[in-house]
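Novice: If you scroll down you'll find the structure; I have some questions about it.
The values are calculated or read from the model by the stated rules, or taken from the named source; none is laboratory data. The structure presented is a predicted model; accordingly, all values stated were derived computationally and were not measured. Because the Cβ atoms are built from the backbone with ideal geometry, glycine has one as well, and the counts that use them run over all protein chains shown. Note: accessible area is taken over every heavy atom of the protein model, side chains too, but ligands, DNA and RNA are not part of it. Shrake-Rupley method; radii C 1.70, N 1.55, O 1.52, S 1.80 Å.
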Amino acid sequence: MEIVVSGIRSTGCLHLGNYFGAVQNFLKMQEDSNYHCFFFIADFHSLTTHPKPDDFRKNTNEVLVDYLACGLNPEKVVLYAQSDIPEIPELYLLLNMLAYKGELERVASFKDKVRKNEENVNAGLLTYPVLMAADILIHRAHKVPVGKDQVQHLEMARNFGNRFNHLYGNDFFPEPYPFTFTGTPITVPGLDGSGKMGKSDGNGIYLRDEPEVIRKKVMKAVTDSGPTVPNSEKPDAIKNIFQLLTLVSDASTVAHFEEAYNNCNIRYGDLKKQLAEDIILFNAPIKERIDGIIRDTDYQQMVLKLGAEKSRASASATLKEVRKIIGIE
Ligand code: TYM
C-alpha cells in the first residue's frame, strides 16, 4: 500500500488548473486500493497573504465544498484541513532546522513572489516549501499528485527527508515523488496568453463560475489574425486554447478545429464559443453538487472532524517517532 498526500491552498475556489492538474488524479487514486490517500486543504499556506479571520474559515470551507462536489469521498480518502493537524506545524519547526536560507531563496516560486510583492516577503513565504514538506512527510508519503508548478517543491521535500534520514542514520522518511496517471505533471494554461492558469494571476476559470462569466472569460482569450500557411505551428496563445479544448471537449470536436486550423479556415469566434460551452457543460454537474453541499454546513463540519481524527492518528504516529529519533522525549 502506498501513501498518497496532496493539498490545495485555500486562497479561493478551485479552477480548471487545480482540477486537471491535481483533483482529476485524486479522484482516480481514491478508487484504487493500492493507495491510502490523504487529501487536505492547505489553509496555513494561505496565511502568507494575511486573509481576514472571517475569510480564512470561509476559504477553507470553499475548498472543502469544491473537493466534495468534484467527487472526493471522505469514506474512501482522509479529507481534512491542514490547520486541524497540530503535528504538521511541529514537524515544520523541526524540518526548518534542516533547511538552508540559500536553497530556500533559490526556489522559483519564492523568487516569483518576491518580484510580484516586494513589500510582503515574510519568513512564511521563504519557508513555504518546508511547510509543504511537513504536509507530505507527516504521513511518510510516497506519491504526491500535483501539477508541474509543484515539482520543485517536491524535490525540496525529498531533500529535507533525506537530510533527516542521513543526519540520524536511518531511512525513516520515504522519498515522495510527483504522480499523475499520464506520467508527467501538467500545466493548464490561462487564456490571457500567459503560461499558467493561477489564482493569483487573475486568469482563473473557476468550477463555480456562472455560464455567463465563463463565456465572457473565454471570449476575451488572446488570439491572432489566424494561420495563412497550411499546417503551420500554433503560436502559444492559440496552443493554450487548444490545450483547454482537449481537456473539456470530445475528441471529434478537437479534431474538427485542428483540421480547420491546418486548412487555414478556422474561425476563432467559433472555437471560443465551443470551448466556453464545453467548459460550462463540464462544470455543470460539479456546480449542481456545490449548490447542494454549500448549504449543508453540518455535513461539512462532520467531514472535517472525521478527517482530522484520521489524519491526526497517522500524523501523531510519525511525530512520535521523529521526536524519539531526535531525542526529544
Ligand atoms: P495550489 O493551491 O497553487 O494548487 C493546487 C494544485 O493544483 C495544481 N495547479 C495546476 N496544475 C496544472 N496547471 C495549473 N495551471 C495549475 N494551477 C494549480 C498545483 O500544481 C497543485 O497540485 N503549495 C501547494 C499546496 C500544497 C501541497 C502540499 C500540495 C501545500 N502542501 C503538499 C501537495 C502536497 C499549492 O499552493 O498548490
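Novice: Does E155 satisfy the criteria of being more than 26 Å from T180 (Cβ to Cβ) and part of a helix (DSSP H, G or I)? Before the answer, list the steps.
Specialist: Values: more than 26 Å from T180 (Cβ to Cβ): no; part of a helix (DSSP H, G or I): yes.
The answer is no for E155.
Novice: Condition first: open to solvent by less than 10 Å² (accessible area, probe 1.4 Å) and assigned to a loop (DSSP other than H, G, I, E, B). Now tell me which residues in segment 66-85 satisfy that.
Specialist: L72, V77, I85
Novice: To continue, here is another question. Every residue in segment 1-44 that is open to solvent by 20 Å² or more (accessible area, probe 1.4 Å) and near the ligand (Cβ under 9 Å from one of its atoms), please.
Specialist: Hits for segment 1-44 are G7, R9, T11, N18, Y19, F44.
Novice: Here's a follow-up. Tell me which of these V218 doesn't satisfy, since it passes every other one: (1) farther than 30 Å from V5 by Cα; (2) at pLDDT 95 or above; (3) in a loop (DSSP other than H, G, I, E, B); (4) in contact with a Leu (Cβ under 7 Å, 6 or more places away or on another chain).
Specialist: For V218, the failing item is (3).
Novice: If V63 satisfies all but one of (1) out of contact with any helix residue (DSSP H, G or I) (no Cβ under 6 Å at 6 or more places or on another chain); (2) within 12 Å of the ligand (Cβ to nearest atom); (3) open to solvent by 10 Å² or more (accessible area, probe 1.4 Å), what's the number of the condition it fails?
Specialist: (3)
Novice: State the number of residues belonging to segment 276-329 that are surrounded by 15 or more Cβ atoms within 10 Å (Cβ to Cβ) and not in a helix (DSSP H, G or I).
Specialist: Of the residues in that region, 1 qualify.
Novice: State which residue is nearest to the ligand (Cβ to nearest atom) when the search covers only segment 159-198 and only residues that are open to solvent by 40 Å² or more (accessible area, probe 1.4 Å) and part of a helix (DSSP H, G or I).
Specialist: N159
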